[in-house]
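Heads up, the thing below is written out as structure tokens.
The values are calculated or read from the model by the stated rules, or taken from the named source; none is laboratory data. Predicted, not measured: the structure shown is a model, and the values here were computed from it. Every residue, glycine among them, receives a Cβ derived from its backbone with ideal geometry; neighbour counts consider all protein chains shown.
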Amino acid sequence: MMRGETELDKKMTAGKRIAIFLAFTFAVTYALEIFLIGRIVNSSAYAPILNLAVGAMMFIPALGVVFTRLVTKEGFKDAWIKPRFKGHIRYYILAWLLPAGLIFAGTALYFLICPQMFDPNMGYVAEYNASLGLDSDPETLRILLFGQIIIGVLLSPILNILSTVGEEWGWRGYLTPKLSEKMPIVPTVLLSGVIWGFWHAPLTVIIGHNYGFGYPGYPFTGILAMCGFCIVIGTFLTYVSFRTRSCLPAAIAHGSLNGLAATGLMFMPNAQSVNPFVGPAPTGYIGGAGFIAAMIVFIAVMVRLEKNQKLIPPPAE
């Protein structure tokens, strides 16, 4: 029992807390996306507001945690938000570096399977720069890209953490621990991934988040693909969170993913040649092959730890 809870509060089940958290998080998110983002998405004059609104959306799960913990009088002791570095540094290093390695592996696999798609002159970037009146010289683009990749590996986990921690405190710091109180780790990972994917659904419809527009089955196949993608990457995020009893390693890994996910796209001939359901971005089944393999490994590891009752360390004293 958390400090400050009454006997009545003890009877509040994990299921009720999950329901309150999800009701708040989905209601506020969908209202923002439908009534604000949906109104301004087609107006270039409001592009800064659109970017701000999409960024603000990432903080809503964290607000859901605060709201739920206050309403249910659960308190904030052991709220899975503290770093907990002692004895867990290896999980922070893994969170920092593994997403980059898996992204690069998926990108390499995609171009090995689809070599006709590899454009050393970076036509995708040249096309975009030309639309903005910027330099499109291939040599300049390559230098800039490799500089960005290095910076991305070293800094994107920290530069992006201010936004990613908003999501991860909600999904990995609250929802998944609560689900794990009610069910084994495999259904926990699957259900939390589906919930996370459906949370993105309005953006998938309104701005073509990750999968664009006009594909067969739009927008339903995009929403389903997003759920699958969230299950895949959510497995690793759950692992590092559960092993540290903190959402911060997941926020670091999420920041790395956001900073480097588009790396492979830079070597595509043009935007029209990209199939986000395939690759080279990790949203595709080839571009995301590294994450899919990692999902299988980490599920097996978590199942073993769960059987030995060692999946989640005890609360810090």
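Name the single residue, out of those in segment 22-31 being aliphatic (A, V, I, L, M) and modelled with pLDDT of 95 or more, that is surrounded by the most Cβ atoms within 10 Å (Cβ to Cβ).
Taking the candidates together, the pick is LEU22.
Within segment 148-202, how many residues are under 29 Å from ALA14 (Cα atoms), surrounded by 20 or more Cβ atoms within 10 Å (Cβ to Cβ) and at pLDDT below 95?
1
Against the condition surrounded by fewer than 18 Cβ atoms within 10 Å (Cβ to Cβ), touching a helix residue (DSSP H, G or I) at 6+ places or on another chain (Cβ under 7 Å) and within 12 Å of PRO249 (Cβ to Cβ), how does PRO83 come out, does it pass?
Considered against the rule, which asks whether it is surrounded by fewer than 18 Cβ atoms within 10 Å (Cβ to Cβ), touching a helix residue (DSSP H, G or I) at 6+ places or on another chain (Cβ under 7 Å) and within 12 Å of PRO249 (Cβ to Cβ), PRO83 comes out as yes.
Taking segment 286-317 only, how many residues are small (Gly, Ala, Ser) and surrounded by fewer than 12 Cβ atoms within 10 Å (Cβ to Cβ)?
Number of matching residues: 2.
Looking at this structure, is ILE34 assigned to a helix (DSSP H, G or I) and at pLDDT below 95?
It is true that ILE34 is assigned to a helix (DSSP H, G or I) and at pLDDT below 95.
Yes or no, residue by residue, for (1) buried (at least 24 other Cβ atoms within 10 Å of the Cβ); (2) on the phi > 0 side of the Ramachandran plot; (3) within 10 Å of the chain's Cα centre (by Cα):
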| site | (1), (2), (3) |
| --- | --- |
| ILE223 | no, no, no |
| MET226 | yes, no, no |
| CYS230 | no, no, yes |
| TYR239 | yes, no, no |
| PHE242 | yes, no, no |
| CYS247 | yes, no, no |
| ALA251 | yes, no, yes |
| ALA261 | no, no, no |
| PHE267 | no, no, no |
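With the requirement that a residue be touching a residue at least 24 places away in the same chain (Cβ under 8 Å) and over 15 Å from the mean Cα position of the chain (by Cα), what does segment 277-292 give you?
PHE277, VAL278, GLY279, PRO280, ILE286, GLY287, ALA289, GLY290
Give the residues of segment 183-192 that are out of contact with any Leu (no Cβ under 7 Å at 6 or more places or on another chain) and either at positive phi or assigned to a helix (DSSP H, G or I) (or both), sorted by residue number.
Passing the criteria: VAL186, PRO187, VAL189, LEU190.
Of all residues in segment 130-182, which are assigned to a loop (DSSP other than H, G, I, E, B), farther than 27 Å from PHE104 by Cα and touching a residue at least 60 places away in the same chain (Cβ under 8 Å)?
Hits for segment 130-182 are GLU181, LYS182.
Out of everything in segment 163-209 that is under 12 Å from the mean Cα position of the chain (by Cα) and charged (D, E, K, R), what residue ends up being farthest from LEU52 (Cα to Cα)?
ARG172
May I ask you to list pairs of residues, at least six apart or on different chains, whose Cβ atoms are under 9 Å apart, with the first in segment 93-112 being surrounded by fewer than 18 Cβ atoms within 10 Å (Cβ to Cβ) and in a helix (DSSP H, G or I) and the second being among the hydroxyl-bearing types (Ser, Thr, Tyr) and modelled with pLDDT under 95?
PHE104/THR263
Mind checking which pairs have a first residue in segment 33-51 that is over 16 Å from VAL205 (Cα atoms) and a second that is at pLDDT 75 or above, Cβ under 7 Å, 6 or more apart or different chains?
Once the first residue is over 16 Å from VAL205 (Cα atoms) and sits in segment 33-51, its partners that are at pLDDT 75 or above give TYR46/ILE40; ILE49/ILE40.
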